[in-house]
Amino acid sequence: MRSISIPWISLLLQGIPELTAEVTLAFVIARIPLKWNKILLIGIVLAIISYVVRLFPIPFGIHTLFLIILLFIALIWLGKGDFSLSLLASLLSFLALTIFEFVCLSLLMPVFGLTPESLSTDSVKRIAITEPQVLFLFISAFLLNKFYKKEVE
């Protein structure tokens, strides 16, 4: 096992936006009011933790399990969320990310002639090709939030 070296630019332009979008979706699923200072704080902290955990020689994917648990704790502790809804929100938001990432990479890599190897060696290409999944997470969060608000009316 080897650690994964991730450039700082990836943390700033990929990790923080992606995890902030994921936290936003989790807040909506857990029906926690969107408090942007808390969402951004949690997103930044989770991105930094993910960055640090990936530096250790652990199997790939362990950081994801760790982040799911930390997001769940953050939803309960900082978001004051319900236990079961927070657990569901943590799991579903990471599932949504996985699905969006799979779809976006499957569609965009062939269009732009990219390979997994080129993405692992070129931070700019990796950041650019993963931005659509961040947008899809935010769009999903906002649409679901709008649906929940209509449901209450």
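The values are calculated or read from the model by the stated rules, or taken from the named source; none is laboratory data. In this text, all values refer to a predicted model and were calculated from it rather than measured experimentally. Quick reminder, even Gly has a Cβ in these numbers, built from the backbone with ideal geometry, and neighbours come from all protein chains shown.
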(request) Identify the single condition in (1) of a type in the set (Gly, Ala, Ser); (2) touching a helix residue (DSSP H, G or I) at 6+ places or on another chain (Cβ under 7 Å); (3) free of Cβ contacts under 8 Å to residues at least 12 places away in the same chain that Gly61 does not satisfy, given that it satisfies every other one. (result) (2)
(request) Take Ile68 and decide whether it is more than 20 Å from Leu143 (Cβ to Cβ) and under 15 Å from the mean Cα position of the chain (by Cα). (result) yes
(message) Taking the criterion of being over 22 Å from Leu135 (Cβ atoms), part of a helix (DSSP H, G or I) and at pLDDT 95 or above, would at least one residue in segment 88-101 satisfy it?
(response) yes
(message) All but one of (1) under 15 Å from the mean Cα position of the chain (by Cα); (2) under 19 Å from Leu40 (Cα atoms); (3) surrounded by 14 or more Cβ atoms within 10 Å (Cβ to Cβ) hold for Ile76; state the number of the condition that does not hold.
(response) (1)
(message) Can you list residue pairs whose Cβ atoms sit under 8 Å apart, with the first residue in segment 22-39 being at positive phi and at pLDDT 95 or above and the second being of a type outside the set (Gly, Ala, Ser) and surrounded by 14 or more Cβ atoms within 10 Å (Cβ to Cβ)? Count only pairs 6 or more apart in sequence or on different chains.
(response) Arg31/Asp82; Arg31/Leu85
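Suppose we filter segment 1-17 for residues that are at pLDDT 95 or above and either closer than 16 Å to Val124 by Cβ or among the basic types (Lys, Arg) (or both); how many remain? Step through it out loud before you land on a result.
The initial filter retains those residues of segment 1-17 that are at pLDDT 95 or above, namely 16-17.
If we keep only those that are either closer than 16 Å to Val124 by Cβ or among the basic types (Lys, Arg) (or both) as well, we get 17.
Summing the residues that are at pLDDT 95 or above and either closer than 16 Å to Val124 by Cβ or among the basic types (Lys, Arg) (or both) in segment 1-17 gives 1.
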(message) Going residue by residue through segment 57-78, is there one that turns out to be assigned to a helix (DSSP H, G or I), small (Gly, Ala, Ser) and modelled with pLDDT of 95 or more?
(response) yes
(request) With respect to Thr98, determine if the residue is over 14 Å from Ile29 (Cβ atoms) and surrounded by fewer than 16 Cβ atoms within 10 Å (Cβ to Cβ). (result) yes
